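Each remark here refers to the structure printed beneath this line.
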Ligand SMILES: [Zn+2]
């Protein structure tokens with residue numbers, strides 16, 4: 001969390017009467033970082049506060065999404081009068097600003113010094129504040145301050161304004177990280193989504209199991225007249241169960257088993273057997289001569305190769 005207490009060094013250059021308004025804007029911007037609103041709302045509200053705080057004539061917030069090379073405007077003036085006919089130069093300035101670590105002032109075209117950056121092609125003062133997220137340059141706050149800025153005519157005032165913007169962009173960074181970057185690293189929400197889907201599938205599977213159990217148990221105690229018929233029925237049941245990831249529970253040992261019908265001794269139509277692998281190897285349990293009452297269970301994981 002960022003503290004909403006305004007550092008003294010930001011306030012001392014200002015008259016007490018201005019300090020009250022500055023404190024209010026500062027607190028509003030700190031609150032905005034954690035407010036319950038979407039990214040676009042955050043950006044436009046941030047910009048509105050910043051424009052008021054710096055007495056700007058306009059501005060914009062530029063963001064660069066991960067993987068993108070160029071930042072683009074997400075809030076503010078795409079067609080600001082100050083930038084008319086110089087939009088290419090404006091983009092150059094923003095791409096330069098996004099590579100910087102601190103906010104800085106640009107003097108109007110043809111005045112002051114422009115050692116640090118491409119030339120300001122407008123006749124306004126411009127204040128640029130890079131926004132960074134753990135070393136990634138993610139955006140720029142651009143404020144157009146007009147020919148005579150409300151604050152920032154002397155070098156000392158300009159340093160103070162740049163300092164202000166650095167503090168404010170730290171709120172913006174926090175707000176963007178909370179909403180934007182968090183959404184782009186979506187492992188946690190994806191896992192939650194998969195868990196919900198798994199639960200939904202398990203509910204369907206349970207419903208299928210119950211439905212099959214009811215159907216099959218209609219035939220409990222039945223025989224289909226011959227060994228061949230009993231085998232055909234049992235094989236079809238087994239295919240149906242297998243395609244739904246199911247087995248029958250052996251009534252003798254409780255293990256998941258495959259139901260089979262086999263010839264045995266003097267049982268003319270065969271016997272129904274539970275075929276399963278137990279710790280001692282493949283084992284058959286059971287032996288009723290009529291189709292047994294079944295309890296269906298999930299297919300166990302595949303046995304390791306022996
Ligand atoms: Zn058994």
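Values in this text are rule-based calculations from the coordinates and carry no lab data. Values in this document were obtained by computation on a predicted structure and should not be read as measured data. Using ideal geometry, Cβ is built from the backbone for each residue, glycine included, and neighbour counts are taken over all protein chains shown.
Structure summary
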| quantity | calculated |
| --- | --- |
| Alpha-carbon centroid distance for the pair segment 242-289 / segment 34-64, whole angstrom | 72 |
| Between 0 and 90°, nearest 10: helix 16-34 axis offset from the chain longest Cα axis | 20 |
| Spin-label pair residue 264/residue 236, simplified geometry with 7 Å Cα→Cβ offset, distance in nm | 2.3 |
| Highest average packing first - 13-19, 54-60, 70-76, Cβ atoms within 10 Å | 54-60, 70-76, 13-19 |
| Segment residue 119-residue 99, length gained on full extension (0.36 nm per residue, minus Cα span) | 5.6 nm |
| At R0 = 30 Å, FRET efficiency that the Cβ-Cβ distance of residue 295 and residue 177 yields, to 0.05 | 0.05 |
| Helix axis angle, 227-243 relative to the chain longest principal axis, alpha carbon, degrees | 10 |
| Degrees separating the helix 187-217 axis from the principal Cα axis of the chain, which is the longest one | 20 |
| Once the Cα gyration tensor of segment 187-298 is diagonalised, semi-axes √(5λ) in Å | 33, 16, 10 |
| Relative packing of 222-233, 91-102, 133-144, which averages over residues the other C-beta atoms within 10 Å, highest first | 133-144, 91-102, 222-233 |
| Debye intensity ratio I(q)/I(0), log10, the chain, q values 0.11, 0.14, 0.15, 0.16 Å⁻¹ (C-alpha model) | -0.70, -1.00, -1.10, -1.20 |
| Within the chain, helix-based [θ] at 222 nm, where runs of 4 or more DSSP H residues each add -39,500 (n - 2.57), nearest 500 | -13000 deg cm²/dmol |
| Pairwise FRET efficiency - residue 193 versus residue 218, Cβ, R0 = 41 Å, nearest 0.05 | 0.55 |
